[in-house]
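Step one of this worksheet: look at the structure below.
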Amino acid sequence: MKHPYRIYITTCDKYIYALRPMAWLMNKYWPNTPPVEIIGFTPPPFDLPPRWTFHSMGRQEEYPFNKWTNAVIEFVESQPDQVFCLMLEDMWPIRHVDTEAIQYLVDYMHQFEYVARIDLTGDRLYAGGMRNYGYVNRIDLIWSNPASQYHCSLMAGIWRKRALLDVFRRDWSPHDVELQGSPLLSRMSEWLVLGTRQWPLRHTLAFRSQNASKLLLDEIDGEDIKEMRALGYFDPWEAR
């Protein structure tokens with residue numbers, strides 16, 4: 001049975017314009033994208049694609065960087081989805097997404113309720129101490145060693161609602177989720193974190209080290225950069 005799922009993308013006022021290249025690349029590399037739910041604050045001053053919905057969680061001032069989890073927790077608690085894909089706004093797809101593989105993994109999580117998260121990138125594949133776990137259809141599963149770094153990584157992945165609410169704490173930044181959430185999750189023996197050898201989603205990180213003034217395009221196809229630049233999608237960073 002194929003289970004429908006949605007993509008949750010978190011953003012903030014400082015990074016709101018990252019949604020335009022994100023949407024353009026999603027449209028190109030993730031055909032028939034599932035419904036996208038944006039978790040943000042001030043609504044964007046531009047149109048979003050069809051089936052993209054913006055949810056304002058309130059005023060940005062009430063959710064500073066070190067309270068990032070507050071908005072995520074509140075939104076996740078309000079939604080019916082038991083399984084969903086979670087991404088940040090600068091995780092722009094750079095290759096065609098293996099949508100069939102992601103559907104297999106969503107269905108797998110609905111079947112095995114002890115799986116907290118399945119990484120969609122190469123993050124768990126290259127984490128220390130991983131081992132083969134099994135497979136689902138043509139997808140090879142790997143086990144994330146609870147002692148490995150970033151066991152609670154925020155790289156694009158499929159999350160279980162109950163697990164996220166177990167691990168996330170209020171008044172945490174994204175960095176806190178990875179640095180404090182990883183040892184916390186590692187002690188929760190009831191939860192399993194998996195990845196795959198196939199790497200269904202390849203994305204770049206357009207901003208790093210909280211630097212919204214610097215745009216990193218080195219992993220994006222040159223023709224994609226040319227087309228998006230012509231559309232003015234990089235103007236907020238390049239037209240300075």
What does the extension gain come out to for R138 and S213, with contour length at 0.36 nm per residue minus their alpha carbon separation? 22.9 nm
What list do you get for S153, S189 if you sort them by fewest beta carbons within 10 Å? S189, S153
Name the residues whose placed amide hydrogens come within less than 5 Å of the amide hydrogen of G157, ignoring near sequence neighbours (fewer than 5 apart) on the same chain. L86, L120
Convex hull projection area averaged over all views, the range 129-221, Cα basis, nm²: 7.8 nm²
Mind checking the dipole of the range 7-238: about its Cα centre, +1 per Lys or Arg Cβ, -1 per Asp or Glu Cβ, Debye to the nearest 20? 400 debye
Residues with amide H under 5 Å from that of Y135, placed H, sequence gap 5 or more: L141
Restricting to Cα pairs under 8 Å and 6 or more apart, the percent relative contact order of the chain works out to 24 percent
Residue-by-residue Karplus 3J(HN,Hα) for the range 172-181, coefficients 6.51, -1.76, 1.60, Hz, glycine and proline x: 10, 8, x, 5, 4, 4, 6, 8, 9, x
Within the range 1-48: Cβ-based charge dipole about Cα centre, in debye rounded to nearest 20 (Lys, Arg +1; Asp, Glu -1): 180 debye
Evaluate the relative contact order of the range 1-95 (contact order divided by residue number), counting alpha-carbon pairs under 8 angstrom at least 6 apart; express in whole percent. 43 percent
So what is the calculated 222 nm ellipticity per residue for the chain, using -39500 (n - 2.57) for each DSSP H run with n of 4 or more, over all residues, to the nearest 500 deg cm²/dmol? -7500 deg cm²/dmol
Could you list, bin by bin from short to long, the percent of Cα-Cα pairs of the range 7-238 in 5 Å steps? 1, 6, 14, 19, 20, 18, 13, 6, 2, 0, 0
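We did not get these values from a lab; they are worked out from the coordinates using the rules stated. Bear in mind the structure is a predicted one, so any value in this text is a computation, not a measurement. No Cβ is skipped: glycine too gets one built from the backbone with ideal geometry, and neighbour counts run over all protein chains shown.
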